[in-house]
Amino acid sequence: MLPIEDTEARRAALAYVIELYDELTEENGAPTLGTQNQAVAFILADPQRRQAALDWAAGAALDPPTTLPPRRLPQDALYQSVRDFLARIIERPVFARPDAQRP
């Protein structure tokens, strides 16, 4: 388990989860607390995912607000694994658009 003092890894994982959630749902906000905590724990549980989140955060401007257009997340192994995990745990919005496959 990761020591609680490793705040940089937790912060990087949280920022990554929020950024990915924004991309997946096209919403401007964070996932629910339960979803958020599960996804952060998923990243932190694996040393490779944790390091990938730290590497991403080092290149992303997490602190200063900017007027630059948002950068998309790199679609690497971290992206695919966390995206698949979020897809399994995110609840479908109540007012979601109907799927094109539905009659």
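Report, by residue number, each residue of the stretch 28-44 that is in contact (Cβ under 8 Å) with a residue 40 or more places away in the chain and assigned to a loop (DSSP other than H, G, I, E, B).
Scanning the stretch 28-44 gives P31, T32.
Could you identify the single residue in A9, A53 that is touching a Lys or Arg at 6+ places or on another chain (Cβ under 7 Å), in contact (Cβ under 8 Å) with a residue 24 or more places away in the chain and aliphatic (A, V, I, L, M)?
Matching residue, one of A9, A53: A9.
Scanning the stretch 23-50 for residues that are among the aliphatic types (A, V, I, L, M) and touching a Lys or Arg at 6+ places or on another chain (Cβ under 8 Å), which turns out modelled with the lowest pLDDT?
Looking at the filtered set, the residue picked out is L24.
Looking only at the stretch 56-103, which residues are modelled with pLDDT under 70, in contact with an Asp or Glu (Cβ under 9 Å, 6 or more places away or on another chain) and under 23 Å from R11 (Cβ atoms)?
Answer for the stretch 56-103, where residues must be modelled with pLDDT under 70, in contact with an Asp or Glu (Cβ under 9 Å, 6 or more places away or on another chain) and under 23 Å from R11 (Cβ atoms): just P70.
The values are calculated or read from the model by the stated rules, or taken from the named source; none is laboratory data. All figures in this text were calculated on a predicted structure; none of them were measured in a lab. Don't worry about glycine lacking a Cβ; one is built from the backbone with ideal geometry, like all the others, and counts go over all protein chains shown.
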